[in-house]
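One structure is given below, encoded as structure tokens.
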Amino acid sequence: MNSVASILVHVDALPRSRMRLELAQTLAQRLDAAVQALYAVMPTVLEETTPFADNGVFMPGMLETDFQRRDLARALVDAAQGDGTHVRWAELSPLHALYPGFVHECFHHDLVVLGQYDGSDPAGAGVPPDFVPSVVVDSGKPVLVVPWAGDFDDVGHRVLIAWKPTREATRALSAVLPLLQPGATVHVAGWDCDPEEIRLFLLRHGIEATCSRERAAEVRVGEDVLSRAADLNADLLVMGCYGHTRARELLLGGATRTVLTSMTLPVLMAH
């Protein structure tokens, strides 16, 4: 039985959606999985900070913006159809709230592909800054986050696993197994913990891994993880996502926040 039979890809109107789609299609071909693109953004009227008149005078322009965004996203998905794996289109109704609507759809898939928040063009997407961590924390699904800059046509050849003896890291470790390429180079790094403890687990799955025990100040773990990934020329970072919600506020661990902000390679996260 294929452990990844369906991949959900979030799309918006920004061109980087095409990169996520192409990466998802590459994985789908290797895993014999289906791909669904889900267009889900905040309606413009909810992003608008300037109060509009009771007579709705600004509403037509806002609706036109929403239609344009949707058409751009659909065009990106249509353009990706010739890349080998068919991508099914779906869209979240504006009547559904973004977070619960998207998370509910995640329940029906094995892997979710999201894009890193692009702070250079926030107005063009309709995607809030906390969308990615909120989906990781609330969906219970492994999430592959693709940076907003760079080219990433495949993952799983050179993998860094940021190990920690926690539920989150364990879930991320299990989630990466089907994504590893045959003969992949895998390195397990533990920050102030012994990564050797999972060597036998990986050997049982036919994976020969090297291990290193790292030391870092608590406030620098995120930076050190990314630096280690660069040293190894990794094409995929695997780690737990540490955070929780409280009274509608998302609280993230320092390393998670740093990686999501400064990532330079795709990151597979699980909560």
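The values are calculated or read from the model by the stated rules, or taken from the named source; none is laboratory data. Small disclaimer: the values here were computed from a predicted structure and weren't measured. Here the Cβ positions follow ideal geometry from the backbone for every residue, glycine too, while neighbour counts run over all protein chains shown.
For segment 104-116, give me the residue count where each residue is free of Cβ contacts under 8 Å to residues at least 12 places away in the same chain and part of a strand (DSSP E or B).
Looking only at segment 104-116, we keep the residues that are free of Cβ contacts under 8 Å to residues at least 12 places away in the same chain, and these are 104.
Then keep just the ones that are part of a strand (DSSP E or B); that gives none.
Result for segment 104-116: 0.
Quick one: which strands (runs of 3 or more DSSP E) sit completely within segment 139-194 and have at least 2 residues that are surrounded by 17 or more Cβ atoms within 10 Å (Cβ to Cβ) and in contact with a Phe, Trp or Tyr (Cβ under 7 Å, 6 or more places away or on another chain)?
In segment 139-194, 185-191 are the strands (runs of 3 or more DSSP E) which contain 2 or more residues that are surrounded by 17 or more Cβ atoms within 10 Å (Cβ to Cβ) and in contact with a Phe, Trp or Tyr (Cβ under 7 Å, 6 or more places away or on another chain).
Could you pull out the residue among GLY119, GLY82, GLY101 that is in a loop (DSSP other than H, G, I, E, B) and not aliphatic (A, V, I, L, M)?
None of the others qualify; the one that does is GLY119.
Consider PRO133 against the criteria (1) modelled with pLDDT of 90 or more; (2) touching a strand residue (DSSP E or B) at 6+ places or on another chain (Cβ under 9 Å); (3) closer than 23 Å to ARG18 by Cβ: it satisfies all of them except one. Which criterion is unmet?
Unmet for PRO133, out of (1) modelled with pLDDT of 90 or more; (2) touching a strand residue (DSSP E or B) at 6+ places or on another chain (Cβ under 9 Å); (3) closer than 23 Å to ARG18 by Cβ: (3).
Is it fair to say THR245 is within 22 Å of ARG20 (Cα to Cα), among the polar types (S, T, N, Q) and at pLDDT below 95?
In short, no.
Count, please, the residues in segment 219-242 that happen to be touching a helix residue (DSSP H, G or I) at 6+ places or on another chain (Cβ under 8 Å) and either surrounded by fewer than 20 Cβ atoms within 10 Å (Cβ to Cβ) or in a helix (DSSP H, G or I) (or both).
Residues that pass the stated criteria total 6.
Being modelled with pLDDT of 95 or more, buried (at least 21 other Cβ atoms within 10 Å of the Cβ) and in a helix (DSSP H, G or I) narrows it down to one of LEU27, LEU8, so name that one.
The conditions single out LEU27.
Out of segment 195-204, which residues are surrounded by 14 or more Cβ atoms within 10 Å (Cβ to Cβ) and either of a type in the set (A, V, I, L, M) or in contact with a helix residue (DSSP H, G or I) (Cβ under 8 Å, 6 or more places away or on another chain) (or both)?
ILE198, PHE201, LEU202
Say whether the condition of being within 22 Å of the chain's Cα centre (by Cα), modelled with pLDDT of 95 or more and among the basic types (Lys, Arg) is met by at least one residue in segment 196-206.
The answer is no; no qualifying residue exists.
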